[in-house]
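The values are calculated or read from the model by the stated rules, or taken from the named source; none is laboratory data. Keep in mind it's a predicted model, so treat the numbers as computed, not measured. All Cβ positions, even for glycine, are placed from backbone atoms using ideal geometry, and neighbour counts span all protein chains on display. Ligands, DNA and RNA are excluded from the accessible area calculation, which covers all protein heavy atoms including side chains. Shrake-Rupley method; radii C 1.70, N 1.55, O 1.52, S 1.80 Å.
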Amino acid sequence: MGIFTQSAEKKREKEIQQEAKELTKELVSRGMDKRTAKHYMEVLEGLILAAVLQRDAYIESKKRMATAQIVIEALLVDITERESAKVRGELARLAVNLTDIFHECTIRKDDLDFASTYAYINRAAREYEGSQRLMLQSELENLLHMVAEVDEWEEPDFCALALFCKYGPREELADIENSQRNDMLLRYYEGQFWDDFEKELATVMMTERVKNWIDEKVKKEIG
């Protein structure tokens, strides 16, 4: 991470913290109990800070998947025409890109199929010779299918993901279909936090105001 990215992240963090304080004051001024407002907003502030990091990581994962897809497709087009050394060079570039591709809601670190293919790509980046072309082609096609499938998935609610990762059984995120996982995260978020907070917000007519603030902060690009 570069120094300018770190600076932008600090700026974003301070912005969220300051706006959370102002919003807490606004809730109290509209009639919400001070202790109640402070409690919910402290939880929400922490969730948003975690959610934006989850979103950053998700976006980075999707970018790496897109890059991997380009490299794989190029290799599959003319792998028979390339010298083994050039193939190894492209595989090394692919392996580096795959190293930090993981996210809870894209390709997970505990995905055994990916782990097997990744290990093969790493080994082939050092040892590939033309005689191994069919095996390499098969592994690349498997990886391409995996990346293309994940790329079609809908993104999660990042506040819900942040809450679940902090308090929920994270092992349940594995081996579950994407839409079901997103539904599970949202149900957990609503049941453990949002539904009760929304009732308090409704009494002071601040539901939409807070919802819009959450969306603005979580979806805002860094910088």
Among the residues of region 90-116, what is the count of those that are surrounded by 14 or more Cβ atoms within 10 Å (Cβ to Cβ) and more than 17 Å from Ala66 (Cα to Cα)? 2
Considering region 185-208, residues that are free of Cβ contacts under 8 Å to residues at least 24 places away in the same chain and open to solvent by 100 Å² or more (accessible area, probe 1.4 Å), and then whichever is farthest from Glu172 (Cα to Cα), we arrive at Glu208
Criterion: part of a helix (DSSP H, G or I), under 30 Å from Leu53 (Cβ atoms) and small (Gly, Ala, Ser) - qualifying residue of Ala92, Ala125, Ala74: Ala92
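From Thr80, Thr24, which residue is in contact with a Lys or Arg (Cβ under 8 Å, 6 or more places away or on another chain), surrounded by 16 or more Cβ atoms within 10 Å (Cβ to Cβ) and among the hydroxyl-bearing types (Ser, Thr, Tyr)? Walk me through it before giving the result.
Numbers: Thr80 fails: surrounded by 16 or more Cβ atoms within 10 Å (Cβ to Cβ).
Thr24 is the lone residue from the list that is in contact with a Lys or Arg (Cβ under 8 Å, 6 or more places away or on another chain), surrounded by 16 or more Cβ atoms within 10 Å (Cβ to Cβ) and among the hydroxyl-bearing types (Ser, Thr, Tyr).
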Pairs with Cβ under 6 Å, 6+ apart, first in region 15-42 and closer than 15 Å to Arg209 by Cα, second of a type in the set (S, T, N, Q) and surrounded by 15 or more Cβ atoms within 10 Å (Cβ to Cβ): Ala37/Thr24; Met41/Thr24
Which of the residues belonging to region 164-175 are open to solvent by 10 Å² or more (accessible area, probe 1.4 Å) and in contact (Cβ under 8 Å) with a residue 40 or more places away in the chain? Cys165, Lys166, Arg170, Ala174
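Of a type outside the set (Gly, Ala, Ser), surrounded by 17 or more Cβ atoms within 10 Å (Cβ to Cβ) and assigned to a helix (DSSP H, G or I), is that true of Leu53? Outline the logic, then answer.
Details: of a type outside the set (Gly, Ala, Ser): yes; surrounded by 17 or more Cβ atoms within 10 Å (Cβ to Cβ): no; assigned to a helix (DSSP H, G or I): yes.
Spelling it out, it is not the case that Leu53 is of a type outside the set (Gly, Ala, Ser), surrounded by 17 or more Cβ atoms within 10 Å (Cβ to Cβ) and assigned to a helix (DSSP H, G or I).
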Scan of region 168-207 for residues that are part of a loop (DSSP other than H, G, I, E, B), closer than 16 Å to Thr24 by Cα and in contact with a helix residue (DSSP H, G or I) (Cβ under 8 Å, 6 or more places away or on another chain), ordered by number: Val204, Met206
